[in-house]
1. Every residue in the stretch 83-111 that is in contact with a helix residue (DSSP H, G or I) (Cβ under 7 Å, 6 or more places away or on another chain) and in a helix (DSSP H, G or I), please.
2. Which condition from (1) in contact (Cβ under 8 Å) with a residue 24 or more places away in the chain; (2) surrounded by fewer than 17 Cβ atoms within 10 Å (Cβ to Cβ); (3) more than 21 Å from residue 66 (Cα to Cα) is the one that residue 13 breaks?
3. Can you pull out the residues in the stretch 190-218 that are closer than 16 Å to residue 139 by Cβ and either touching a helix residue (DSSP H, G or I) at 6+ places or on another chain (Cβ under 6 Å) or surrounded by fewer than 16 Cβ atoms within 10 Å (Cβ to Cβ) (or both)?
4. Out of the residues in the stretch 203-231 that are in a loop (DSSP other than H, G, I, E, B) and modelled with pLDDT under 90, state the one that is nearest to residue 153 (Cα to Cα).
5. Name the residue that is nearest to residue 183 (Cα to Cα), counting only residues in the stretch 24-52 that are in a loop (DSSP other than H, G, I, E, B) and out of contact with any helix residue (DSSP H, G or I) (no Cβ under 6 Å at 6 or more places or on another chain).
6. Kindly list the number of the only condition in (1) farther than 24 Å from residue 226 by Cα; (2) out of contact with any strand residue (DSSP E or B) (no Cβ under 7 Å at 6 or more places or on another chain); (3) modelled with pLDDT of 90 or more that fails for residue 94.
7. Within the stretch 63-82, take every residue that is part of a loop (DSSP other than H, G, I, E, B) and in contact with a strand residue (DSSP E or B) (Cβ under 7 Å, 6 or more places away or on another chain) and give me the one that is surrounded by the fewest Cβ atoms within 10 Å (Cβ to Cβ).
8. Name the pairs whose Cβ atoms lie under 9 Å apart, with the first residue in the stretch 207-219 and on the phi > 0 side of the Ramachandran plot, the second exposed (fewer than 14 other Cβ atoms within 10 Å of the Cβ) and outside any loop (DSSP other than H, G, I, E, B), and 6 or more positions between them or separate chains?
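The values are calculated or read from the model by the stated rules, or taken from the named source; none is laboratory data. No experiment lies behind these values; they were computed from the predicted model shown. Cβ placement follows ideal geometry from the backbone for every residue including glycine, while neighbour counts extend to all protein chains displayed.
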């Protein structure tokens, strides 16, 4: 699933007329980079939620034929936040663990990493597996603590682990969202923290390139980096 319902307030005025996932870097929209990667992994079906200017997303991507994918949309009248968006889309996602990525991040994630994490989640006892990154300048304290045994704790500053920032990429058991009614607004962080207290969240550090494309400045910087590599 790709989360694409956000308004992108920090991206204004770019997002006044264009949904953030359709903003381009390296000649392609942010969401197209995800779709191409998924297709290269052999993924067949992707669910995309949307709210702000969502019709543009559907018009641009269609049913996914150009990517070799089947795209299904979960439309939200009002953005339901991360957990709310996933909960509403559950009928489209099925009962297996679902891989979810924020539509406004750019990352070099390897297929083998996802496959290994998926096997771990399917083995039982784990509600979520998160990819974490070194704390960027705009979030110096981090979000969670990654322990040496691979468990993720809600607290930061623990001596026995490393404080890291959530990348916006994760694997989730559908049951993680059982407390969220369809159509209800709900943030992801409180749900994850409850699961962490029950030792049901694992994680790993994402070592490849990762950019939270949250501001026009970061968008332009990433565009220059990609274009510089291809020239």
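1. 83, 86, 87, 90, 93, 111
2. Exception for residue 13: condition (1).
3. 205, 211, 213, 214, 215, 217
4. Narrowing the stretch 203-231 to residues in a loop (DSSP other than H, G, I, E, B): 206-209, 213-215, 231.
Filter once more, keeping what is modelled with pLDDT under 90: 207-209, 213-215, 231.
Values: 207: 20, 208: 23, 209: 24, 213: 26, 214: 25, 215: 29, 231: 43 Å.
That would be 207.
5. Quick first cut of the stretch 24-52, residues in a loop (DSSP other than H, G, I, E, B) only: 26-27, 42-44, 51-52.
Now drop any that are not out of contact with any helix residue (DSSP H, G or I) (no Cβ under 6 Å at 6 or more places or on another chain), which leaves 27, 42-44, 51-52.
Values: 27: 35, 42: 31, 43: 27, 44: 26, 51: 12, 52: 16 Å.
Out of the qualifying residues, it is 51.
6. (3)
7. Keep residues of the stretch 63-82 that are part of a loop (DSSP other than H, G, I, E, B), which gives 63-64, 68-69, 76-80.
After this cut, where a residue has to be in contact with a strand residue (DSSP E or B) (Cβ under 7 Å, 6 or more places away or on another chain) as well, the list is 63-64, 69, 76.
Working: 63: 12, 64: 18, 69: 18, 76: 20.
It comes out as 63.
8. Here the result reads none, with nothing in the stretch 207-219 linked to a residue that is exposed (fewer than 14 other Cβ atoms within 10 Å of the Cβ) and outside any loop (DSSP other than H, G, I, E, B).
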